[in-house]
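This report concerns only the one structure given below.
Read-outs throughout are calculated quantities, based only on the coordinates presented, and are distinct from any laboratory measurement. The structure presented is a predicted model; accordingly, all values stated were derived computationally and were not measured. Here Cβ is always computed from backbone atoms with ideal geometry, including for glycine, and neighbour counts include all displayed protein chains.
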């Protein structure tokens, strides 16, 4: 829970040894990086909005982690967190994002015309396509730290930006605290409604405070472009549709994002971005593009193949089940990377990789071997 | 407001504190240098006017929401206690948990002793509502741990399965669980277990730290129903009490397993005296003796409990102010519990019923947890006497119903004596 700088100053009365958290049973990126020396160095610092080291690491202290799944264990409270506390964030980012260096530059490319292909993924295999990302509004603290006033200001500005959309984007905003029962049921049926977070990872970071104040969902009439306001980030933007036309999904994604960015810029509250970290989001795992582009695809035979994991790895893709574990050989396949490559690069990986895997699936259906098709590491 | 710390430093216990210099205790550095970084009544930097930050409480039903008007929020929102605890932090649990239409929760917590003073304009009406009209500005709370004053207190074992008295105590000078730093929490643990280690005779016992207990110890504590878990109730987690779990948390109990202390759960300490059967008198004697000995042991080292003459013992939740005492029994009342007059009888006796699993549980069969309703405005002796007299009355009712005789609803007993 965010305490702010007056409380932090009080803590400086106590020694580093007495305040340093016990991380001996922890397994997350923060616990790996936060030595006592770094804690001593950073503990008297605060960002301009008053976010402190203990605020940043609380979620990682409270959630030791899992022996198999490495969580991040620290979050940003505002744009400046990544700068003021770089001695902690830099090693965490490097570890989480495959060796991303302090001197590396991140490429942003939201020009959908640069995507090659992607309109011809076989709909017999690809059930649906989706691209999501997050955006933070410059000048406001992030969900772990924002006051009610700030959160409401983000909502107000976002709704104004979204209501300015026209044509295929014309839509409506549903605030969580005042939606009707009928609206709520429809949003649930569409799988659009998000709930108050229950994950202790998010709760311990203070993101669910004041729920459901200033939270809501906006979507266009066609139900192909959806925005979550004030959930885990200021905005989560999702473009989706049934079938395999990823090109169209990505086009809508880029056009929608670029259009609403213009509105925010007019109010001098553009998106948080810099040339090293790309788009700034609450969790370091979402830095860079913050993009997860993927498909629900039927790969019953390929998924049984002993080299399935390795193929995914080499294609820079990751698998998830559809609604947790996979059912009937249907998988959620998406890009594994977030930072160091652009939006176009990452969606291209998905398009090319899924196309290849469908061809492999078809070969396996015919009883043929696929060893010659296994790609080199991208 | 005279600082409580000034009170301690000017007392004879000065000697005790300064003598700790050589031991390198946290407390010396704390008392002598706390002015260095934070001044009393620190101001909070706000970006927005109070009206933009005022919480939406229209769907809320808790004591905090009933009394926090926009004007009061505006008055208090830029204040902080000397340790930096703010109004927003005090009310966060009540904002996040709108409450239940039937059960009215308190909806706010204290982060330190000074919270009750700095935010008195909100705490006072909440206390008044929760504690039957108690006026904290004017009224004085009586503290009385002379167990010899108790009359009776040995219940019929055919009805009473077990007897228990619990309270909480906070260590003055250290922040409370919603606000404490890791260092403060560890200091609470050190102070308390050092005191408990000094207990002798039938109070002698052992401490089990949550971070270090063995699997075997853990299983034994579970079997004894002593082990407490990380809080899951959103009322507690939203108030920040579960931070850094399980660091500096633990359980102490005497060898006889009749006197138990929880360290750093919802309060600095929760003290429990219990035993099977109906000897509430002995349970309360041990309770008082244990508490008084622990208090004596911490005073030897220059510490004391948070207490003042208006609010009694200072605890995290306003509902536990005063005595912080809940004295109760597990009791079988198969006939009485089915009588439609049962709730009214309990009410008039100033008793409440709970299931035997605790405050959030329902009763199993016809065995109930019966305890005092009140906490503030009456002393420990008075409240335990109320429970004893009340439980005796309930047993009498049950016996009469067994014989087919009728029972009477007793006259309501007065709340503030």
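Here r is the Cβ-Cβ distance between residue A:363 and residue B:292 and R0 is 56 Å; the resulting FRET efficiency, rounded to 0.05, is 0.10. How large is log10 I(q)/I(0) at q = 0.21 Å⁻¹ when the Debye formula is applied to the Cα atoms of the stretch B:140-212, each weighted equally and without solvent? So the normalised log intensities work out to -1.13.
For the protein assembly as shown, compute Rh as the Kirkwood radius over C-alpha pairs and then the Stokes-Einstein diffusion coefficient at 20 °C and 1.002 mPa s; write the answer in µm²/s, rounded to an integer. Working shown, then result.
Values: Rh = 29.5 Å.
It comes out at roughly 73 µm²/s.
Considering only DSSP beta bridges where both residues belong to the protein assembly as shown, give the percentage that are antiparallel (nearest 5).
Of all bridge pairs located within the protein assembly as shown, approximately 95 percent are antiparallel.
Every helix of 4 or more DSSP H residues in the protein assembly as shown counts as -39500 (n - 2.57), and over all residues that averages to -9500 deg cm²/dmol at 222 nm.
Axis angle, to the nearest 10 degrees, between helix A:246-266 and the longest C-alpha principal axis of chain A: 30 degrees. Relative to the globular-protein estimate of 2.2 N^0.38 Å, the Cα radius of gyration of the stretch B:111-178 stands at 1.60.
Cβ-to-Cβ counts within 10 Å put B:196, A:202 in ascending order as A:202, B:196, the fewest first. Kindly state, to the nearest 0.05, the FRET efficiency for residue B:396 paired with residue B:100, given R0 = 45 Å and r defined as their beta-carbon distance. The pair residue B:396/residue B:100 has a calculated efficiency of 0.85. For chain A, the longest principal axis of the C-alpha atoms and the axis of helix A:53-62 are separated by about 60°. For the segment A:11-22, counting C-beta atoms of other chains within 10 Å of every residue's C-beta and taking the mean gives 6.
Semi-axes of the stretch A:1-136's equivalent ellipsoid from the Cα gyration tensor, sqrt of 5 times each eigenvalue, largest first, rounded to whole Å? Walk me through the numbers before you get to the answer.
Details: eigenvalues 272, 65, 40 Å².
Taking √(5λ) for each Cα gyration eigenvalue gives 37, 18, 14 Å.
Taking label points 7 Å from Cα along the Cα-to-Cβ direction, residue A:66 and residue B:223 give a separation of 3.3 nm.
Would you mind computing the Rg to Rh ratio of the stretch A:20-74 from its alpha-carbon coordinates, Kirkwood style for Rh? Walk me through the numbers before you get to the answer.
Numbers: Rg = 11.4 Å, Rh = 11.5 Å.
Taking Rh as the inverse mean 1/r over Cα pairs, Rg/Rh reads 0.99.
Multiplying the residue separation of residue B:256 and residue B:344 by 0.36 nm and subtracting their alpha-carbon distance yields 27.9 nm.
The residues A:347, A:72, when put in order of fewest to most other Cβ atoms within 10 Å, stand as A:72, A:347. Out of every Cα-Cα pair in the stretch B:213-343, what percent are more than 26 Å apart? Of all Cα-Cα pairs in the stretch B:213-343, 36 percent lie more than 26 Å apart.
Pairwise over distinct Cα atoms, reciprocal of the mean inverse distance: report the Kirkwood radius of the stretch A:262-332 in Å, one decimal place. Evaluated over the stretch A:262-332, this radius sits at 15.0 Å. Here B:148, B:233 are placed in order of increasing Cβ neighbour count within 10 Å, fewest first, which gives B:148, B:233. Shape analysis of chain A places it in the oblate category; the axes a ≥ b ≥ c from the Cα gyration tensor give an a/c of at least 1.5, with a/b not above b/c. From the C-alpha coordinates alone, can you work out the Kirkwood hydrodynamic radius of the stretch B:268-372, in Å? One over the average 1/r among Cα pairs gives 16.0 Å for the stretch B:268-372.
Between the Cα long axis of helix A:148-163 and the first principal axis of chain A there is an angle of about 30°, rounded to the nearest 10. Inter-label distance, residue B:366 to residue A:273: 7.3 nm, where each label sits 7 Å from its Cα along the C-beta direction. Take each residue of peptide A:211-224, count the partner chain Cβ atoms within 10 Å of its Cβ, and average: the result is 1. Radius of gyration over Kirkwood radius for chain B, both on Cα atoms: the Rg/Rh ratio is 0.97. At a Förster radius of 60 Å, what calculated FRET efficiency corresponds to the Cβ-Cβ distance of residue B:158 and residue A:304, to the nearest 0.05? Efficiency at R0 = 60 Å is approximately 0.35. Peptide A:343-354 shows a mean partner chain C-beta count of 0 within 10 Å per residue C-beta. Here the translational diffusion coefficient of the stretch A:59-153 follows from Stokes-Einstein with Rh set to the Kirkwood radius across Cα pairs; for 20 °C and 1.002 mPa s it amounts to 123 µm²/s.
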